1. Out of all the residues in region 75-96, which are under 11 Å from residue 313 (Cβ atoms) and either open to solvent by less than 20 Å² (accessible area, probe 1.4 Å) or not in a helix (DSSP H, G or I) (or both)?
2. Of all residues in region 247-276, which are open to solvent by 10 Å² or more (accessible area, probe 1.4 Å) and farther than 13 Å from residue 404 by Cα?
3. Would you confirm whether any residue within region 262-285 is of a type outside the set (Asp, Glu), more than 22 Å from the chain's Cα centre (by Cα) and farther than 18 Å from residue 309 by Cβ?
4. Within the set of pairs 6+ apart or on separate chains, which have a first residue in region 298-311 that is farther than 16 Å from residue 86 by Cβ and in contact (Cβ under 8 Å) with a residue 40 or more places away in the chain, a second that is surrounded by fewer than 24 Cβ atoms within 10 Å (Cβ to Cβ) and of a type in the set (Asp, Glu), and C-beta atoms under 8 Å apart?
5. Out of the helices (runs of 4 or more DSSP H) lying entirely within region 326-433, which hold 3 or more residues that are closer than 30 Å to residue 292 by Cβ and modelled with pLDDT under 65?
6. For region 66-105, which residues satisfy the criterion of being at pLDDT 75 or above and farther than 30 Å from residue 336 by Cα?
7. Among (1) part of a loop (DSSP other than H, G, I, E, B); (2) loosely packed, with under 12 Cβ neighbours inside 10 Å; (3) at pLDDT 70 or above, where does residue 132 come up short?
8. Which of the residues belonging to region 39-67 are β-branched (Val, Ile, Thr) and part of a helix (DSSP H, G or I)?
Amino acid sequence: MRLALHWQILIAIVLAVLAGLWSGTESALFGIRWYEVYTFVGTLFMNALKMIIVPLIVASMISGVASLGSREGFGRLGGKTILYYMSTSLLAIMIGLVMVNVIAPGIVEGKPAGSMLNLGADTQDVLAKVEGRGAGDVVGIFLRMVPTNIVDAAASGQMLGLIFFSLLFGFFMTRIEGPPRETMTLFWEGVLQTMMQITMWVMKFAPIGVFGLVAKTVAATGFSAFQPLAAFFFTVLVALLIHTFIALPLLLRFIGGIKPQRHFRAMAPAMLTAFSTASSSATLPVTLRCVEENAGVSNRTSSFVLPLGATINMDGTALYECVAALFIAQAYGLEITLMTQFTVVFIALITSVGVAGIPAASLVAITIILGNIGLPLEAVGVILVTDRILDMCRTAVNVFSDSCGAVILARTEGETNVLSDETPDNRILEKQA
């Protein structure tokens with residue numbers, strides 16, 4: 001019997017950790033370093049996922065909006081989707097805020113940990129990563145929603161602008177009548193089905209790609225990278241776990257009327273893929289497949305809710321930004337007033353929406369927060385030690401929150417087959433196999 005996809009990925013992760021620890025970055029076979037092999041395999045898999053992102057997002061958004069039909073249907077689902085995403089992001093930020101105040105990772109034996117973290121070190125490489133990406137002005141986030149060139153936006157990965165255009169295209173496609181509307185609807189539905197077939201083919205190689213990605217990370221950092229910032233790492237991790245295993249399951253249970261354990265089973269492949277790739281956008285094809293095939297959400301709902309969520313719903317990222325900024329403030333000995341914390345919460349909420357789709361997104365967002373509360377931007381360098389592993393964790397949270405939104409909103413739209421009691425427990429495993 002063939003193993004389910006999520007078990008294949010989990011086994012690949014375990015083997016990758018062992019292989020990365022064994023080989024390190026210098027071990028070689030016939031003159032070829034194992035690290036280079038890991039990099040090649042992981043990069044090839046990531047390229048395949050990225051290749052299908054733009055056509056999949058455009059086709060799914062346009063088909064999703066067109067399938068809503070009436071203007072009332074679009075407005076109702078769209079309004080509920082935005083409300084859910086803003087609410088869960090704010091909830092995640094508040095959890096992070098509580099945890100960073102309770103644990104106080106930036107305070108060691110009653111004193112700021114700035115000297116221990118060597119905050120005055122040269123971090124020009126860090127600044128080079130976060131400068132020049134156009135995130136210094138929060139207003140610019142909203143300006144990027146309306147791209148001047150949609151082709152350039154697609155090529156450069158500006159997903160917020162791409163989704164805005166797709167929403168407009170799908171909405172006004174429903175305003176035309178007769179054969180042109182039917183032709184356009186069938187065309188985009190055909191594109192969507194084709195992209196889903198390509199996605200399923202690419203995902204057959206997911207365990208191999210995940211092995212390369214994780215082995216590369218472990219070979220480069222090992223486990224020693226966690227030691228200098230153990231308290232910060234622990235704070236973020238606990239907050240993410242609370243949001244994932246307490247807050248979101250409560251929403252599933254009491255708003256969606258869904259048993260959380262069934263949803264966790266349904267989303268296991270997507271969460272493991274998100275953890276290994278550290279990219280919500282790259283995981284979107286897997287998320288769509290899990291939500292539709294395993295959870296039973298209609299394409300009408302998932303094709304609208306999930307692509308939007310992959311761009312604007314970043315619970316884990318927002319939580320991380322809040323904890324990181326306040327951790328640095330604690331380390332510098334800054335008095336964290338209620339107004340300062342409100343500023344951090346507000347900017348974390350806004351930036352988690354607007355900068356999530358660009359490289360070094362969290363670093364960019366954190367520099368915005370630091371600048372607004374009066375801290376030097378180079379302080380962001382102290383969190384790079386644990387950033388990669390925490391990036392993998394918070395991406396898994398982002399994807400899980402998106403999927404929770406899809407099933408909850410599907411239930412509010414009257415869909416009765418979403419993880420229903422009538423669904424046999426082995427149905428999920430059979431479809432993943």
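The values are calculated or read from the model by the stated rules, or taken from the named source; none is laboratory data. Since the model is a prediction, treat every value here as computed from it, not as a measurement. Neighbour counts run over all protein chains shown; Cβ positions are idealised from the backbone, glycine included. Ligands, DNA and RNA are stripped out before the accessible areas are found, and what is left, the full protein with its side chains, is counted by its heavy atoms. Shrake-Rupley method; radii C 1.70, N 1.55, O 1.52, S 1.80 Å.
1. So the first thing to find is which residues in region 75-96 are under 11 Å from residue 313 (Cβ atoms), and the list is 81-82, 84-89, 92.
Passing the criteria: 81, 85, 88, 89, 92.
2. 272, 275
3. Quick first cut of region 262-285, residues of a type outside the set (Asp, Glu) only: 262-285.
Okay, now just the ones that are also more than 22 Å from the chain's Cα centre (by Cα), so none.
Checking region 262-285: not a single residue is of a type outside the set (Asp, Glu), more than 22 Å from the chain's Cα centre (by Cα) and farther than 18 Å from residue 309 by Cβ.
4. Matching pairs, first to second residue: 298/292; 298/415; 299/292; 301/413; 301/415; 302/292.
5. Numbers: elements: 338-354, 361-372, 384-412, 426-432.
Correct list: 426-432.
6. Start the filter on region 66-105 by keeping residues that are at pLDDT 75 or above, which leaves 66, 76-105.
Within region 66-105, 66, 76, 77, 78, 79, 80, 81, 82 meet the criteria.
7. Going through the list (1) part of a loop (DSSP other than H, G, I, E, B); (2) loosely packed, with under 12 Cβ neighbours inside 10 Å; (3) at pLDDT 70 or above, residue 132 breaks only (3).
8. Step one: of region 39-67, the residues β-branched (Val, Ile, Thr) are 39, 41, 43, 52-54, 57-58, 62, 65.
Selection gives 39, 41, 43, 53, 54, 57, 58, 62, 65.
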